[in-house]
Amino acid sequence: MAAGGALGAHAQQLAAEMSERESYGPSIFSEPAGPGGEAGDVVMEVGLLLGLIAVTLGLSRTSRKSIAAPEPEAGDVVERSPATAPTRLITAARVPAQRRPAAARPPSAPVVSAVATNQRICACHSAGEILPIVSEFGALLNEVNLATALHRIAKHTKRNQADPRTVTATSEWRLLLDLAADRLQEFNVQGISNAFWALATMKVGPQDEPLMFDALRRVTLTTAAQFQPQGLANSAWACATLGWADSAVVSTLAAVSKNHIANFNAQDLANTAWAFAALKHDDIALFSAVAKTAVPYLNSFKTQELSNLVWAFKSRRQHGGVASNDDPTFFDAVGTAAARRVREMPLGALVNIAWSLAAAGQTHEVFFDTVCNSVTERVSVGSQELATLLWASATLRFRHSGLLSVATSTIISQASTFSPQDLASTSWAFATLRYCDRQSMEKLAEAALATQDRLHPPAISNLLWSFATLGVFHAELFTQLGSAVIANAPKFNVADVVASATAISKSGTAVTADAMKALGDAAVSHKDSLTPSAWVAIVTAFLAAKVNHVAVFTAAIAIVRDGERLSMKQLPVWTAARAQVEACLA
């Protein structure tokens, strides 16, 4: 009874702390954060204490699983900016490795000792205080102690903004993972999902601890059906964060999530959609179920949850996912919900939603009009937010005079603060919308020249195409960008080659001929990927620049032939161009 009384008092103390703690998450445009807020941490601790109470009362392992508390609350997962690449996935499912010798397990230790040990772990305020406890007790730690230690170490490391490597490089951490891997089958389902969360928070992946992940794989495949919604969401989030694309684990979590999706709350839905989109697991039935479940409750979603949700559906479409019949309804509902909350949402979150809608090809005029009106009322707008919103608007051919006016004034006063990506996106948006303010374009040119050593191929081609499309032939800019083309043409993709050739052919600078020859070589290297329409554009550009590139002309004639696959608009262009090409080759 004394042990039970101590446990009850400790549980009440932890529960009382819930009202004093606040969950927290990163700012917009940062890397994804892990699930788990302060309130969720307390819920997890109370759940572990309940497990210890079950041990004290002599309940079976099955009974202990049935009374596990909900998983810790999932945290904000932040959308990346347009220039950020997706997380690299680790496709290897299992990595063989030599197990480090674990300490021998002694006969059953007194339960009160386990309770007292758990209280000591929970009383610590840093990972550095917990690690000696792991070393002191070693194999005497039971499954609840191990789960608590894993969770609390990750929690304190995250809260204190400490470098996880200061912990993961220690012998105590390695001992903890060896013990956990050895006894993971004894963890209840909450302990398993929290192990997922802790490893992701500590940035420990399967390449670092193959034995632990092999154990996680086995227990997930056998127990996932018992996971609570939050445990499913947290586990999927951890897999995506670590890039652990084990097909069996991911498919199992997706199948179970699909079956229980009606019980998911807003945060679970957002994290689940984000995770499976990041993992590129295109389960159309799962995403359709998420959409149907989320739409009626979108007004209750937090800002970051809404942003993450729409990013997930956009990302899935970008990676070739088949459009669901529920997609239009979902995107329309998201736009409507976000438009109603423009006043309360940070501009960064609104811009992320706008970018996601545009990338998915979903026009929501009320949302875009509301967001653009909001921008015109702000004292200042950041260059990244402005450039991204301009890109989204231009992608959907949504022209808002107020937004363009804000862009003009911001560029004139702050163009030097724009990144190469922001310069390229802004210029591209202006050209796409056929908006040309000479003073703004001059400022963009000056800023581009100042950052020319940091321009990557897509930025180079977008700047060239934008200025040429608007008829702004800035001599120094085209000369410098032409030199950049000569140096980087082998890295250009098909779209970069076509856009750059079209633009440079009109520039008439000292480097035009050499730049066109470099682009011609790049086109020939991509000849199997270029469509007949692209070949017509390239050949037309070479003829306009008066540059004879035999390999380009020969490849174009062989691929385009009589133009049977060209549109009615392109056919006469090719007919005229082919006559000139044949004359050049004669």
Discussion item. Going residue by residue through the stretch 220-227, is there one that turns out to be at pLDDT 95 or above, of a type outside the set (Ser, Thr, Tyr) and assigned to a loop (DSSP other than H, G, I, E, B)?
Written reply: yes
Discussion item. Contact list please: Cβ distance under 9 Å, first residue in the stretch 162-191 and closer than 19 Å to residue 208 by Cα, second residue of a type in the set (Lys, Arg) and part of a helix (DSSP H, G or I), pairs at least six apart or on different chains.
Written reply: 164/158; 168/174; 184/218
Response to the item:
Going through (1) more than 23 Å from residue 135 (Cα to Cα); (2) open to solvent by less than 10 Å² (accessible area, probe 1.4 Å); (3) part of a helix (DSSP H, G or I) one by one, residue 173 fails only at (1)
Item to complete: Could you tell me whether any residue of the stretch 245-259 is of a type in the set (Val, Ile, Thr) and touching a His at 6+ places or on another chain (Cβ under 7 Å)?
Response: yes
Worksheet item: What are the residue pairs meeting all of these: first residue in the stretch 445-460, first residue without any contact (Cβ under 8 Å) to a residue 40 or more places away in the chain, second residue of a type in the set (Phe, Trp, Tyr), Cβ atoms under 8 Å, and 6 or more apart or on different chains?
Response: 445/467; 447/418; 457/492
Worksheet, complete the sentence: Selection from the stretch 381-422 of residues under 20 Å from residue 365 (Cβ atoms) and among the polar types (S, T, N, Q) yields 388, 393, 395, 401, 405
Worksheet item: Do we have residue 274 as under 22 Å from residue 167 (Cβ atoms) and either among the charged types (D, E, K, R) or within 19 Å of the chain's Cα centre (by Cα) (or both) here?
Response: no
Discussion item. Which pairs turn up if I take residues in the stretch 130-141 that are at positive phi and look for partners that are open to solvent by 40 Å² or more (accessible area, probe 1.4 Å) with beta carbon separation below 9 Å, at least 6 apart in sequence or on another chain?
Written reply: 138/102; 138/103; 138/175
Practice prompt. Hey, can you tell me all the residues within the stretch 408-441 that are open to solvent by 20 Å² or more (accessible area, probe 1.4 Å), over 19 Å from residue 474 (Cα atoms), in contact (Cβ under 8 Å) with a residue 24 or more places away in the chain and assigned to a helix (DSSP H, G or I)?
Written response: 414, 417, 421
Discussion item. When the residues of the stretch 135-159 are narrowed to those that are of a type in the set (A, V, I, L, M) and over 35 Å from the mean Cα position of the chain (by Cα), which ends up nearest to residue 182 (Cα to Cα)?
Written reply: 139
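Would you call residue 268 in a loop (DSSP other than H, G, I, E, B) and in contact (Cβ under 8 Å) with a residue 40 or more places away in the chain?
Details: in a loop (DSSP other than H, G, I, E, B): no; in contact (Cβ under 8 Å) with a residue 40 or more places away in the chain: yes.
Answer is no for this residue.
Among the residues of the stretch 347-362, which ones are surrounded by 18 or more Cβ atoms within 10 Å (Cβ to Cβ) and not in a helix (DSSP H, G or I)?
Once the filter is applied, which keeps residues that are surrounded by 18 or more Cβ atoms within 10 Å (Cβ to Cβ) and not in a helix (DSSP H, G or I), the stretch 347-362 yields 360, 362.
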Practice prompt. Please tell me if residue 245 is touching a strand residue (DSSP E or B) at 6+ places or on another chain (Cβ under 8 Å) and either open to solvent by 10 Å² or more (accessible area, probe 1.4 Å) or modelled with pLDDT under 95 (or both).
Written response: yes
Practice prompt. Answer yes if at least one residue in the stretch 484-503 is among the small types (Gly, Ala, Ser), touching a residue at least 12 places away in the same chain (Cβ under 8 Å) and in contact with a Gly (Cβ under 7 Å, 6 or more places away or on another chain), and no otherwise.
Written response: no
Worksheet item: Do you know which residues across the stretch 367-407 are under 12 Å from residue 351 (Cα atoms), of a type in the set (A, V, I, L, M, F, W, C) and either modelled with pLDDT of 95 or more or in a helix (DSSP H, G or I) (or both)?
Response: 367, 368, 371, 372, 375, 386, 387, 389, 390, 391, 392
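Under 29 Å from residue 295 (Cα atoms) and surrounded by 24 or more Cβ atoms within 10 Å (Cβ to Cβ), is that true of residue 257?
Answer is yes for this residue.
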Worksheet item: Taking the stretch 291-304, which residues are of a type outside the set (Lys, Arg), within 21 Å of the chain's Cα centre (by Cα) and either closer than 19 Å to residue 193 by Cβ or open to solvent by 10 Å² or more (accessible area, probe 1.4 Å) (or both)?
Response: 303, 304
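The values are calculated or read from the model by the stated rules, or taken from the named source; none is laboratory data. If you're wondering where the values come from, they're calculated on a predicted model, not measured in any experiment. Counting neighbours? That spans all protein chains shown, and the Cβs are built from the backbone with ideal geometry, glycine included. Calculation scope for accessible area: heavy atoms of the full protein, side chains included, ligands and nucleic acids excluded. Shrake-Rupley method; radii C 1.70, N 1.55, O 1.52, S 1.80 Å.
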